[in-house]
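FYI, it's all coordinate maths here, none of it is from the lab. Since we're looking at a predicted model, the values are computed, not measured. Because the Cβ atoms are built from the backbone with ideal geometry, glycine has one as well, and the counts that use them run over all protein chains shown.
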């Protein structure tokens, strides 16, 4: 499905695991609770897509345009987001463990509640939040998805 056009498609709950949608137009598509695990979305247009509770773990999202997309509570663990444009994307509650923003981010994993101030030449992280929560008397470290990446042109 490379270069497919899925503009405003309703793919709510669809199983698209391991599908190749590179260079596809998935703009404003409804992908709530969709399974996109290990999917290839590289260089795709996901502007304004709704991916609430979507499973994107291990997905290849390199060079994709994800501006204004809603990724609330999405699973992005191990996803490759190198050079993806996440301007104005909603990342509330997103699971980001092991996600890669640029190739060097695998070596410079966030420590002590901070991330490197710059991921790339034109990208700056302006917010990163890390909180500690307790559950049943045990301390558990939780990284929240309060990341906002601003691209300067």
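For segment 1-52 versus segment 60-76, the inter-centroid distance based on Cα atoms is 10 Å. Modelled this way, with points 7 Å down the Cα-to-C-beta line, the labels at residue 12 and residue 53 are 1.0 nm from one another. In this simple spin-label approximation, residue 97 and residue 20 carry label points 7 Å from Cα along the Cα→Cβ vector, and these lie 3.1 nm apart.
The gain in end-to-end length when the residue 2 to residue 87 segment is fully stretched comes to 28.2 nm, 0.36 nm per residue minus the alpha carbon separation.
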